[in-house]
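The structure appears right after this line, and notes come after that.
The values are calculated or read from the model by the stated rules, or taken from the named source; none is laboratory data. Because the structure is a prediction, the values reported are computed rather than measured. Don't worry about glycine lacking a Cβ; one is built from the backbone with ideal geometry, like all the others, and counts go over all protein chains shown.
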Amino acid sequence: MQRSHTLMIKFKSTLSLAIQAAMLGALTVGTSTLVWAETSVNQHTLSTQVNIAAGSLDQVLAQFAGLSGVQISYDPALVAGKKSAGLKGQYAFEQGIAELLNGTGLKLAKRADGAWTIEQHQNQARDMGQLKPIDVKVQGSANRDANAVQLPVINVTAENENSYTVKNTSTATKLNLSLRETPQSVSVITRQQMDDQAAISIGDALRNTPGVSVQAFDSNRMLYFTRGFDITNYQYDGVNTIVDNIYEGSPHGDAATYERIEVIKGATGLMTGSGDPSATVNIIRKKPTHDFSASVAGSAGSWDNYRTEADISGPLNDAGTVRGRFVGAYQDRKSYLDHYKQNNDTLYGIIEADVMSDTLLTFGIDRYGTTPRGVSWTGNPVYFTDGTRTNFSRSHNPGADWSRRDFESTTYFAALEQTLAHDWKLKVSLDYLVTDHDTRLASASGGNPDPVTGEGMFMYWGRWEGHRVQNTADINISGPFSLFGREHELVAGVMVSHSRLTGDTFDGSAFSMVSGSIFDWNGKLPEQDFPINGNYKTTQSQNGIYLATRLRPSDNLALILGTRVSNFKFNNDEDYFDTSSLGDVHTSYKEHGVVTPYAGIVYDLDDTYSVYASYTSIYQPQTNKDINGSTLAPVEGNGYEAGLKAAYLDGKLNAALALFRIEQDNVAENVGTNPVTNEGIYRAIEGATTKGVELELAGELKKDWSISAGYTYARNRDADQQRIYGYPLATTQPEHVVRLFTSYRLSGDLSRVTIGGGIKWQSVFYGNIYNPTIDDYTLIEQRNYMLVDLMTRYQQNEHLSFTLNANNVLDKKYLTGLGNFDTTYYGEPRSIILTAKYQF
């Protein structure tokens with residue numbers, strides 16, 4: 001029903017602003033439609049269509065309050081000098097206020113006497129990565145079917161609840177920008193999408209990311225690629241970390257501890273130092289909530305895959321100035337591979353404390369461990385001795401039953417966020433990472449078997465271990481400044497990172513041939529003794545200072561300019577005992593004063609569309625060696641990108657079209673293996689060029705219908721227009737990649753049910769595989785393939801839900817690894833997993 005509007009805003013200090021607020025309310029009421037909806041608990045929720053332009057927070061609040069007729073009290077000092085992005089769309093009172101206060105460090109609260117007030121909200125003011133919990137009542141919503149099953153209160157997030165997108169990101173430049181304001185392609189895998197797709201690891205999330213393809217070393221190491229290149233830059237909460245792709249593959253970690261994963265496509269040297277042109281993956285950890293929340297979940301899936309997890313969060317004192325969150329997960333699983341099993345465990349804890357009204361202190365610990373058995377080293381041979389192709393089953397596992405890659409990592413992280421005068425902020429982030437790996441491998445993957453007897457195979461085997469300590473600090477200051485009568489933004493910082501990896505080396509020559517036929521292999525092999533024959537030490541450091549600014553010459557135009565000056569240092573020493581036949585190895589590089597410039601421009605065509613362009617230089621030191629044992633020169637080049645972006649439905653649905661071009665010199669291509677050192681041999685490619693296009697759509701198509709969709713085309717060629725084979729796998733990348741996943745909550749009597757599904761499609765790619773019958777390398781092809789995934793969820797009540805995921809439902813047989821020691825590796829067959837979750 002319609003209702004007259006009388007603005008009631010009461011300030012704690014007696015001011016004439018109440019009159020101003022009433023006037024603003026009177027000006028806007030004529031164009032607004034107000035609806036009062038009665039909920040099942042006899043509370044009133046106002047729903048109104050508003051169109052409030054961006055402006056000072058006090059004026060914007062006055063306009064919205066003028067529409068609502070709800071009394072709000074607050075101290076004018078809290079809103080002084082703060083801005084609001086405005087509001088457009090249909091909002092209930094509490095939702096509208098939450099949107100207007102987003103990013104201001106303030107929140108709406110209800111006093112004991114029932115009156116509404118605005119208070120300081122320290123956590124949101126200092127960490128835009130945290131999604132503020134709100135209570136969304138499904139009952140009585142004017143936008144839902146009147147016959148829908150009315151579910152009780154569900155705890156979701158304030159920023160596009162249940163969405164597959166976010167409004168803001170700072171990964172690209174450390175400036176807090178919307179996706180539309182960021183002059184690079186950005187993909188986000190949200191918590192909701194991870195839950196819908198049953199992603200339990202970082203790797204699972206990356207597999208579902210638009211534009212990202214995956215290739216396997218073996219059973220435990222996966223590499224992730226975008227725009228034709230291996231992703232080597234990873235961050236946690238915006239802090240860089242070192243990932244060793246040879247020993248670790250992708251970063252280890254359980255998805256239960258993460259809020260979302262942001263993937264910034266293209267070169268990101270401004271924030272990461274090394275301008276690798278693939279992408280930077282920023283993994284955002286979960287933060288404590290201001291209100292109590294908790295959940296437990298258990299799942300069971302194919303091949304005895306069992307998992308449990310728990311998540312509890314909330315205030316630790318009566319005032320709510322100290323908050324904590326604890327997450328734990330444990331997984332015990334087997335595999336489609338014969339005699340393979342794996343245990344994973346995760347413990348995560350974080351505490352936030354409002355030390356003072358403008359100071360937030362964060363401390364946390366993130367521990368992850370994995371103990372697999374039956375690990376393979378490489379995959380299966382491609383050719384028989386007569387040159388014909390082998391055809392092993394997908395379950396064939398060349399690894400011995402004791403073969404392992406045990407890994408444990410513990411990260412201690414802390415952050416201090418200080419609000420300064422004039423809306424400036426100081427943030428200090430410290431990470432202390434300790435990792436240990438114990439790798440003992442035996443894999444019947446070497447050679448070429450006889451097609452009749454199955455004999456002639458030999459073992460790839462050995463032992464490696466390592467203890468790594470990495471220290472990283474990132475200190476930055478950011479805030480607005482005025483120039484020529486307009487407000488702009490600036491961020492400046494320094495990043496220091498040092499890593500030290502030590503361990504023993506072991507003799508790996510005590511065993512060679514596989515006994516009997518490879519067709520009878522069952523993984524049974526006496527565990528080998530690997531005597532120590534030396535030790536090694538690897539140190540790696542990177543220091544840099546960075547500066548970025550967003551200039552606003554006009555309301556529609558933004559220029560983002562930045563630069564970084566970096567120092568790189570790497571040193572590796574392998575010292576062998578006198579009794580060893582191996583000679584000492586030393587590899588090092590040192591680079592000072594490397595400048596990485598960045599430039600971007602964004603022009604708003606209207607309230608929905610913007611065009612953009614960006615440029616960054618590429619600089620990537622490398623340790624790959626040529627046939628003479630000399631380290632290749634750093635990869636250098638330039639990256640260009642331009643495109644069109646759109647934000648529909650008030651930012652709930654984001655779309656992007658990007659055109660990109662990457663030019664590089666000294667790109668490493670694998671051309672073989674050194675038989676003495678067992679190291680790869682590479683050649684430097686000059687004039688490597690990548691060009692392509694990306695399209696992406698993510699968010700809500702409409703209420704209860706979410707989508708994440710993307711298409712990427714990336715063509716890599718050298719100066720002679722020949723394909724480029726990457727490293728460390730001697731393989732190309734698919735030029736076309738499609739990722740699609742969507743979920744929809746049904747309406748009416750079926751509103752407890754959510755259904756979803758998606759596809760992963762990619763075009764042909766090739767591997768260089770040695771053929772003994774012609775004594776040369778031949779081209780092996782994996783043709784284009786498509787994987788189909790399905791999901792459904794049943795919301796039993798406000799607490800309990802059941803989710804069923806089926807992956808590769810068509811049971812497609814395909815290769816996901818090509819070229820690692822002349823072997824191939826099959827992808828996972830059809831699988832299902834059922835998850836039950838209880839929310840308190």
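How do the pairs read when you match residues in the range 566-582 that are farther than 26 Å from S617 by Cβ with residues anywhere that are outside any strand (DSSP E or B) and aliphatic (A, V, I, L, M), using Cβ under 7 Å and keeping only pairs 6 or more apart or on different chains?
Taking only residues 6 or more apart or on different chains, the pairs are Y576/L582.
Conditions tested, residue by residue: (1) at pLDDT below 95; (2) more than 30 Å from N380 (Cβ to Cβ); (3) out of contact with any His (no Cβ under 8 Å at 6 or more places or on another chain).
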residue: G320; (1), (2), (3): yes, yes, no
residue: R325; (1), (2), (3): no, yes, yes
residue: G328; (1), (2), (3): no, yes, yes
residue: Q331; (1), (2), (3): no, no, yes
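Are there any strands (runs of 3 or more DSSP E) wholly within the range 129-209 with 2 or more residues that are modelled with pLDDT of 85 or more and either of a type outside the set (F, W, Y) or at positive phi (or both), and if so which?
On the way: elements: 133-136, 154-157, 186-190.
By residue number, 186-190.
Quick one: in the range 596-633, of everything that is β-branched (V, I, T) and outside any strand (DSSP E or B), which residue is surrounded by the fewest Cβ atoms within 10 Å (Cβ to Cβ)? Lay out the reasoning, then the answer.
Of the range 596-633, the ones β-branched (V, I, T) are 596, 601-602, 608, 611, 616, 618, 623, 627, 631.
Filter once more, so that each one left must be outside any strand (DSSP E or B): 608, 623, 627.
Values: T608: 13, T623: 16, I627: 11.
Step by step, filter the range 596-633, then rank; the result is I627.
Considering only residues that are in a strand (DSSP E or B) and surrounded by fewer than 16 Cβ atoms within 10 Å (Cβ to Cβ), which ones fall in the range 684-700?
V693
Restricting the range 571-595 to residues that are small (G, A, S) and assigned to a strand (DSSP E or B), which is nearest to K645 (Cα to Cα)?
Top of the filtered list is G593.
Test T378 against the criterion of being at positive phi and not in a strand (DSSP E or B), and give yes or no.
Considered against the rule, which asks whether it is at positive phi and not in a strand (DSSP E or B), T378 comes out as yes.
Inspect all residues belonging to the range 643-665 and state whether any of them is assigned by TED's automatic domain parsing to the domain that holds L559, over 27 Å from the mean Cα position of the chain (by Cα) and on the phi < 0 side of the Ramachandran plot.
Taking every residue of the range 643-665 in turn, at least one turns out to be assigned by TED's automatic domain parsing to the domain that holds L559, over 27 Å from the mean Cα position of the chain (by Cα) and on the phi < 0 side of the Ramachandran plot.
Among the numbered conditions (1) in a loop (DSSP other than H, G, I, E, B); (2) in contact (Cβ under 8 Å) with a residue 60 or more places away in the chain; (3) surrounded by fewer than 17 Cβ atoms within 10 Å (Cβ to Cβ), tell me where D529 comes up short.
With (1) in a loop (DSSP other than H, G, I, E, B); (2) in contact (Cβ under 8 Å) with a residue 60 or more places away in the chain; (3) surrounded by fewer than 17 Cβ atoms within 10 Å (Cβ to Cβ) applied to D529, the lone miss is (2).
Could you tell me which residue of the range 254-289 is nearest to the chain's Cα centre (by Cα), considering only residues that are polar (S, T, N, Q) and either part of a strand (DSSP E or B) or modelled with pLDDT of 95 or more (or both)? It would help to see each step written out before you state the result.
Residues of the range 254-289 that are polar (S, T, N, Q), as a first pass: 257, 268, 272, 274, 278, 280, 282, 289.
Next, only the ones that are either part of a strand (DSSP E or B) or modelled with pLDDT of 95 or more (or both) stay: 257, 280, 282.
Working: T257: 12, T280: 9, N282: 5 Å.
Step by step, filter the range 254-289, then rank; the result is N282.
Which one of V753, V788 is among the hydrophobic types (A, V, I, L, M, F, W, C) and out of contact with any Ser or Thr (no Cβ under 9 Å at 6 or more places or on another chain)?
Just one listed residue meets the conditions, V788.
Can you find, within the range 788-826, the residue that is surrounded by the fewest Cβ atoms within 10 Å (Cβ to Cβ) among those that are touching a residue at least 40 places away in the same chain (Cβ under 8 Å) and basic (K, R)?
The qualifying residue surrounded by the fewest Cβ atoms within 10 Å (Cβ to Cβ) is K813.
K427 is checked against (1) of a type outside the set (A, V, I, L, M, F, W, C); (2) under 22 Å from the mean Cα position of the chain (by Cα); (3) surrounded by fewer than 19 Cβ atoms within 10 Å (Cβ to Cβ) and fails just one. What number does that condition carry?
(3)
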